[in-house]
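Undergrad: Here it is, the structure, as structure tokens.
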Amino acid sequence: MLTARNVTKNYSNLPILKGVDITVSKGEIVTIVGSSGAGKSTLLHILGTLDQPTQGEIWLNDVNLTGLSGNALADFRNRHIGFIFQFHHLLPEFSALENVCIPGFIAGTRSSEVREKAAFLLETMGLKHRLEHKPNALSGGEQQRVAVARALINNPDVVMADEPTGNLDSHNARELHSMFLQLRDQFKQTFIIVTHNEELAPLSDRQLLMKDGKII
Ligand code: ADP
Ligand code: ADP
């Protein structure tokens, strides 16, 4: 479903990614592990079209992502790729439900449909009783689950997560990971996850070890 071919990235002529090939299938949870500075975040950003490779191609289904730019890229990204970061980046002045809805409104989906889907996703995340809460009234684990629901609102082909458990205690980290497994089983949701969590990474379908800009 997602393919990266010979992806390289240089920052000021310094090679950071040195020819990365990846194929990810629908419904797979792939973790990217490796020491700090190996290039994991850079790779995830490129796979998610937040950054452009110096060379190489990224294909999502039959679309060459490296051929998109401007509004077409922003629109494609919003509809097809979900993002979860270490810090949830929820908008503090909006409720949990509203935060989840926003990417759906941006995609132009009918408002009633977006709200219904958002409520369903928050319910799936065990947050039925938290729909109207603002982010600062939620625990860290709850905030991150709202961020997961937000990442899923447009039925993305793939969710990219950069250290999603990095700011959670081990209990909440395990819960979040179980949620990913549940979403995979229930909706065939695909995830690519950068993680330092040595307990959770082996529970994914496949681990990719990065070292010095390559997958080894
Ligand atoms: P990881 O996620 O594995 O810790 P990163 O992808 O964040 O690694 O970084 C890989 C290397 O690329 C590091 O040496 C980092 O300093 C460098 N790097 C990352 N982003 C930039 C940037 N925007 N400009 C210059 N160097 C960068
Ligand atoms: P992480 O450790 O979570 O991978 P980093 O601290 O490496 O995050 O990177 C945070 C941000 O800073 C990213 O957007 C990355 O591209 C940028 N960055 C990282 N290293 C450098 C660098 N050497 N020069 C410029 N930007 C960098």
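The values are calculated or read from the model by the stated rules, or taken from the named source; none is laboratory data. The model shown is predicted, which means the values in this text are computed figures rather than measured ones. FYI the Cβ positions are ideal-geometry reconstructions off the backbone, even for glycines, and counts take in every protein chain you see. Note: areas computed on protein heavy atoms with side chains; ligands, DNA, RNA excluded. Shrake-Rupley method; radii C 1.70, N 1.55, O 1.52, S 1.80 Å.
Undergrad: Can you confirm whether the stretch 176-185 contains a residue that is among the hydroxyl-bearing types (S, T, Y) and under 27 Å from V20 (Cα atoms)?
TA: There is no residue in the stretch 176-185 that is among the hydroxyl-bearing types (S, T, Y) and under 27 Å from V20 (Cα atoms).
Undergrad: Now a separate question. Suppose we filter M125, M160 for residues that are within 16 Å of ligand 1 (Cβ to nearest atom) and either open to solvent by less than 10 Å² (accessible area, probe 1.4 Å) or of a type in the set (A, V, I, L, M, F, W, C) (or both); which single one remains?
TA: The conditions single out M160.
Undergrad: Another question about this same structure. Quick one: would you say A147 is within 16 Å of ligand 2 (Cβ to nearest atom) and under 12 Å from the mean Cα position of the chain (by Cα)?
TA: Answer is yes for this residue.
Undergrad: List the pairs whose first member sits in the stretch 27-40 and is closer than 21 Å to D185 by Cβ, whose second member is within 7 Å of ligand 1 (Cβ to nearest atom), and whose Cβ atoms are under 9 Å apart, counting only residues at least 6 apart or on separate chains?
TA: If the second residue must be within 7 Å of ligand 1 (Cβ to nearest atom), the pairs left are T31/V194.
Undergrad: Another one. Would the stretch 169-180 turn up any residue that is touching a strand residue (DSSP E or B) at 6+ places or on another chain (Cβ under 7 Å) and touching a residue at least 60 places away in the same chain (Cβ under 8 Å)?
TA: yes
Undergrad: Within the bounds of the stretch 78-100, is there any residue that is assigned to a helix (DSSP H, G or I) and within 16 Å of ligand 1 (Cβ to nearest atom)?
TA: no
Undergrad: Before we move on, is D75 open to solvent by 20 Å² or more (accessible area, probe 1.4 Å), touching a His at 6+ places or on another chain (Cβ under 8 Å) and more than 24 Å from G141 (Cα to Cα)?
TA: So D75 fails the test.
Undergrad: Okay, next question. Going through the stretch 12-69 one residue at a time, which ones are near ligand 2 (Cβ under 10 Å from one of its atoms) and open to solvent by less than 70 Å² (accessible area, probe 1.4 Å)?
TA: The answer is I16, A38, G39, K40, S41, T42, L44, H45, D51.
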